[in-house]
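Read the structure below first, then the notes.
Since every read-out is calculated from the coordinates, none of them should be taken as a lab result. Note that the coordinates shown come from a computational prediction; the quantities given were computed from them, not determined experimentally. With ideal geometry, Cβ positions are generated from the backbone for all residues, glycine too; neighbour counts draw on all protein chains shown.
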Amino acid sequence: MAKHSLFVGAVSLTLLGACSGNVARSDAAGGSGGSGGGGLGDSFQAGGSSSSAIKGSGGAPSKGIGEVQSKGSGGAPSKGSGGAPSKATGEGGNSGLKGLAGGESLGGAGAGSGNAGSGGGSAGSGSAGAGGSGTTSLHITSARAFPGSQIAMVGLRVAIDSQDTAVVVGPSATSNTGDPGPAVTWVPVNGTIRQKVFANEPTPNAIAVDPSDAVWLTGQLEHAATFGGTTVQATSSGYYLVKLGPDGKNIFTKAIVRAETNTVWDGGYSIAFDSAGNAYVVGILVLGDPDFHCTVLVNKFSPSGTLLADRVFHSTSPMQAMARDVAFAPNGDLVIAGVFDETLQVGTTKLTSASGQYSNGFVAILDPADLAPKRAFSFGGANYYDTATSVDVTSTGALRVSGILAGASSIGGKGVQAQTGGSAFIAELTPTGTANWVHLIQGSVSGIVWQTSTRADDQTFAVGRVDGAQTAFFSVIDGAGTLTSPVSFTGAGQNGALATAADRHGGVWVAMEGSGSTSFGSATVFGASSEPLVNWLVHIEP
């Protein structure tokens, strides 16, 4: 499920104006995938932390896709070891970030004074942190570089098709002056990478893959869009919806234009599908005079792109109200989650922020037939910003909601003390909104969960960042709600781990963005501090 998230607080993204769902970047301009002129760099680690193995190459400009394979110098991949918890010795802090090369395992999570178990050094086995306990073994199978663009979009969006291929959308070239247009890339776990470039088209906010493996894209119509099909013209009163076949050929390109004459702009941020292949797009609609305010937008489309249902939930705020994510419950209910200021009217339920002014998060349950609301509830505190960036639903119907909680907050009846600038969180709620558990993922300063992805066995993967722009994390929550964070990476000037998508054989894809001197465990993935912004796609296996 593709998702596009906001970041606020002491971070490198800032809101743009009233009712903003866009983001602007204050860090360095985007980088390329190596020497291929903005192409896709491809690198595989089979050994230790060889910088040439992980950095990859963009390849020849005519191809735009390069591939580098290297054994590194860290010894045989089979020698990585997380260390037996019963033999835990020493301090597990920094050593818990090692042993990421090739087939080396990530170590166990720590307890007590140990923060993380070591995955093993580049040539030998490691020991777990003091008091540490083992987690499911994970290892990095690949890391691929993609171009970065300061203007087009933040990071990559990732979806999974029925063959466990990652379908990725991101900037087609490096640019810090404009939108170069997107590229859609099919990255199998094993096999040949395919890529379709849509130069100078408006880069989408969201990507999703339907039950037939068709790829859906949505974004703002800031300029004309074609995507290999019918050209639709720029408008501030609508967004585009594109459907591509599994081979990348255009099935349709449509402009979804509002009937309201006072539409300022609108757009979708996430897409989900029901079993019949109907698409559900959620996002924001901004309405102008005489009553300028933001609204939550929900649209339903047939597989052919016909609009079947349209719902708008009005807020009283001129600043913010939007749905950030959408998912389906086992009983067929549609679940949306997002953020609002002041008040939000969802059917007969009026949600009011805890401060009466600042942002709180919300969850709403809708009837998928006509998008009529069944129930809705809000969460947060009075400390400026609380939001839901992601929602998944487990096999039992529990809602796993994540995003930001700031200061003294509550969600589902459970009170938490988050950091003043905001803490990354993930919570499990019953369908009626009562919390089963709440986890905060905290560093020294503000943090966020950007996105989650939940498998059929109810294991959830969460990605985000803490410590402002310095530390990104990859966390795992099992079916019982136990959270571990087996890996993090540190560095300068990045927005961190932005997207994740679980495949069907136990692996997970993680999209990261960064610049400066950044390490992913023992491997350096973001080069020297003078290098520009780069997007990375990493595959992690059990």
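For segment 152-268, what does the convex hull of the Cα positions come to per residue, in cubic angstrom?
It comes to 101 Å³ per residue, whole-number rounded.
Measure off 7 Å from each Cα along the Cα-to-Cβ vector at Ala372 and Glu260, then give the distance between these two points in nanometres to one decimal.
For Ala372 paired with Glu260, the spin-label model returns 2.2 nm.
Among Phe146, Phe273, Phe362, Phe227, rank each residue by its count of other Cβ atoms within 10 Å, from fewest to most, as a rough exposure measure.
Phe273, Phe227, Phe362, Phe146
For Ala309, enumerate residues with amide H under 5 Å from its amide H, sequence gap 5+ or separate chain, H modeled in the peptide plane.
Sorted by chain and number, the residues that satisfy this are Lys300.
Between beta-carbons, use under 11 Å as the cut-off and find the net charge around Ala309, counting Lys and Arg +1, Asp and Glu -1. Walk me through the numbers before you get to the answer.
Values: positive: Lys300, Arg311; negative: Asp310, Asp367, Asp370.
Spelling it out: positives minus negatives among the neighbours equals -1.
Calculate the all-directions average of the projected area of segment 209-347's alpha-carbon convex hull, and give it in nm².
Its Cα hull, projected and averaged over all orientations, spans 8.4 nm².
Take the cross-link list Lys300/Lys374; Lys350/Lys374; Lys254/Lys300; Lys196/Lys243; Lys350/Lys414; Lys300/Lys414 and give me the ones stretching past 24 Å between alpha-carbons.
Numbers: Lys300/Lys374 17 Å; Lys350/Lys374 13 Å; Lys254/Lys300 14 Å; Lys196/Lys243 13 Å; Lys350/Lys414 21 Å; Lys300/Lys414 34 Å.
Lys300/Lys414, as the Cα separations exceed 24 Å there.
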